[in-house]
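Below: the structure, in structure tokens.
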Amino acid sequence: MVKKITSWLSVGLISAAALSGCETQTSEKQGAAQQASASAEDVDPRGEILALSCASCHGTDGKSVGIMPGFYGKSAPYLKTALMEFKNDERYSTVMGRHAKGYTDEEITLIADYFGGLSQQNSK
Amino acid sequence: MSQKFTRRDFNKLVIAGAAGSTLGVFGGAKPLFASQKHVVVIGGGFGGASTAKYIRKLDPSVSVTLVEPATTFYTCPFSNWVMGGLKEMKDIGRTYDVLKSAYGIEVIHEEAAEIDAANHTVKLKGGQELKYDRLVVSPGIDFDYDAIEGYSEEVANTQMPHAYKAGPQTELLTKQLQEMKDGDNVLICPPGNPFRCPPGPYERASLIANYLKKNKPNSKVVILDAKEKFSKQGLFTKGWEKLYPGLIEWRAGSAGGKITAVDPAAMTVQTSAGPVKGGVVNVIPPQRAGKIAAEAGLTNETGWCPVNPITFESTIHPGIHVIGDSCIAGAMPKSGFAASSQGKVTAASIVRLLQGKVPAPPSLVNTCYSLVGPGYGISVAAVYKLTSDGIVSIKGAGGLTPMDADDDQLSEEATYARGWYNNISQDIWG
């Protein structure tokens with residue numbers, strides 16, 4: 001299904017992409033957005049869009065200000081293990097098991113890689 | 001609410017979305033700088049503020065103007081906690097300082113008066129005109145006061161508050177509860193589906209009962225519902241029996257619950273089973289898309305806005321994305337969480353469209369926490385994906401707090417409800 005949707009999109013968007021010229025110019029305000037921002041060039045857009053969901057409970061970029069565990073700074077393998085254990089009911093949770101079951105193993109890998117990569121990128 | 005798409009409809013939507021992106025680049029809009037793309041966002045709530053922030057985060061070269069009349073936005077989530085005496089108004093107020101200073105978003109505290117879809121322009125109440133490459137409309141809900149005889153905005157503001165937009169009416173309802181005579185009843189009258197925050201009226205009943213139990217032990221809550229069933233019904237009912245036995249009475253629509261008229265002078269509501277009197281009367285009227293969305297012609301016959309489920313771009317006006325309570329988002333409820341999730345997907349889509357790239361397939365999520373009591377939380381969660389049936393919730397995932405959850409789990413859920421509020425507030429308003 002996902003593949004079909006993507007291909008529908010590709011067909012529809014070829015003209016848009018060709019015509020718009022894909023220009024991206026640095027804005028004067030660029031310095032202002034200092035938060036870790038992985039540009040669309042660097043990341044798998046699927047990983048990004050999956051990972052954005054997590055921030056609603058775990059904080060922007062996984063930097064939690066509440067009781068939910070933050071995962072900024074955690075490695076991709078660590079996050080993947082945790083998510084897989086939630087998914088397979090091997091780790092206790094109130095709601096994480098219910099969420100983790102909504103993602104394929106591949107999607108869990110994409111999410112773990114996104115946050116793992118985000119932390120690594122900023123520690124360079 | 002869920003919309004059936006045929007593959008052909010779906011294809012049409014996708015192509016319409018793509019055509020919109022070309023128009024966005026070559027249409028009437030004149031960006032501030034020749035090559036700088038400009039996005040205008042109407043509405044600084046859960047949907048709009050999320051979109052504004054995440055556009056800047058994902059592509060700082062795009063300039064963003066957020067149009068929101070309020071300098072402090074009061075969140076509907078946790079406003080029930082204020083009514084129950086667990087929080088104060090200041091605890092649920094969010095400002096735009098961080099979005100301005102850390103994310104470089106231009107915030108204009110004015111009302112958007114008019115959208116000119118053909119010319120890619122938004123006119124503000126003060127007369128200023130904003131050009132956009134893409135517009136995001138996130139105006140929340142509007143109320144259909146006419147659906148209930150005798151009810152009006154004026155009555156809501158003074159005698160029978162809906163308190164379904166957090167702000168002055170939240171304070172009015174809280175004050176009325178405090179001043180109510182012990183022994184009088186609180187009436188809560190929720191509307192039929194679809195409406196904002198499906199578990200909201202029932203969390204409200206819970207936290208008001210919690211307040212009454214301590215402060216007005218001879219009073220109770222009567223829910224006069226237009227519906228036959230409600231969100232998290234089993235969990236709420238179980239919690240009510242445990243925490244507030246006899247203090248909350250729920251009447252289904254067909255059992256005299258549905259109200260047809262109100263009499264503010266007598267403080268009564270009319271039902272099929274006769275008039276019911278309350279010391280406090282909370283009427284939550286039927287709802288529709290925010291006013292500006294309707295005026296801009298973004299709504300269909302349902303009163304809500306049809307959108308391309310990949311980009312949330314209107315299927316009526318290309319170049320305009322409608323998110324949050326106003327849009328028709330398949331299986332997703334009208335919640336702040338859902339609006340924020342849609343806002344992020346829309347931000348990512350807009351960034352890619354402005355770069356001439358293909359948007360990624362959406363992944364959407366929702367969690368609604370409700371407090372039955374201060375240490376008794378319940379939740380419903382779902383993960384959503386796009387299929388040819390539109391946005392559907394993924395089978396085998398999500399769902400409710402288990403009916404047999406023990407006290408420790410329910411207490412943890414209450415703790416996580418607070419944690420969620422702290423993090424989503426930070427994730428949206430910084």
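Summary table
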| read-out | value |
| --- | --- |
| Share, in percent, of DSSP beta bridges within chain B that are antiparallel, nearest 5 | 55 |
| Longest to shortest principal axis, alpha-carbon extents of region B:287-361, angstrom | 35, 25, 17 |
| Dimensionless Rg ratio for region B:145-283, taking C-alpha atoms and the 2.2 N^0.38 Å reference | 0.96 |
| Label-point separation, residue B:408 to residue B:300 (7 Å along Cα→Cβ), nm | 4.9 |
| Selection from B:126, B:108, B:400 lying farthest towards where the dipole of chain B points positive, charges on Cβ | B:400 |
| The protein assembly as shown - share of DSSP beta bridges that are antiparallel (%, nearest 5) | 55 |
| Debye-sum result for chain B in log10 I(q)/I(0), which assumes one identical scatterer on each alpha carbon, at q = 0.08, 0.09, 0.11 Å⁻¹ | -0.44, -0.56, -0.83 |
| Rounded to 10°, Cα long-axis angle of helix B:7-26 versus longest principal axis of chain B | 60 |
| Structure-based [θ]222 nm, chain B - -39500 (n - 2.57) summed over DSSP H runs of at least 4, per residue, nearest 500 | -10000 deg cm²/dmol |
| Cα-based Rg of region A:41-124 normalised by 2.2 N^0.38 Å, two decimals | 1.02 |
| Relative exposure of B:154, A:85, judged by other C-beta atoms within 10 Å (fewest first) | B:154, A:85 |
| Sorted by Cβ density within 10 Å, fewest first, the residues A:90, B:114 | A:90, B:114 |
| Residues listed by number, region A:70-93, amide nitrogen under 20 Å from residue A:106 label point at 7 Å toward C-beta | A:77, A:80-81, A:83-85, A:87-88 |
| Inter-label distance for residue A:65 and residue A:81, nm, one decimal - labels placed 7 Å from Cα along Cα-to-Cβ | 3.1 |
| Reachable aspartates and glutamates from residue B:213, criterion Cα separation under 19 angstrom, eight or more residues apart if same chain | B:179, B:182, B:184, B:203, B:241, B:249 |
| Modelled FRET efficiency - R0 60 Å, residue B:422 with residue B:254, Cβ distances, 0.05 increments | 0.90 |
| Ranked A:56, A:93, criterion: other C-beta atoms within 10 Å, fewest first | A:93, A:56 |
| At 1.567 mPa s and 4 °C, Stokes diffusion of the protein assembly as shown via Kirkwood alpha-carbon radius, µm² per second | 54 |
| Spacing of the two label points (7 Å from each Cα toward its C-beta) at residue B:233 and residue B:149, in nm | 2.8 |
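Any read-out appearing in this document is the output of simple, stated calculations on the displayed coordinates, not a laboratory observation. The structure displayed is predicted, hence computed values, not measured ones. Cβ: placed from backbone, ideal geometry, glycine included. Neighbour counts: every protein chain shown.
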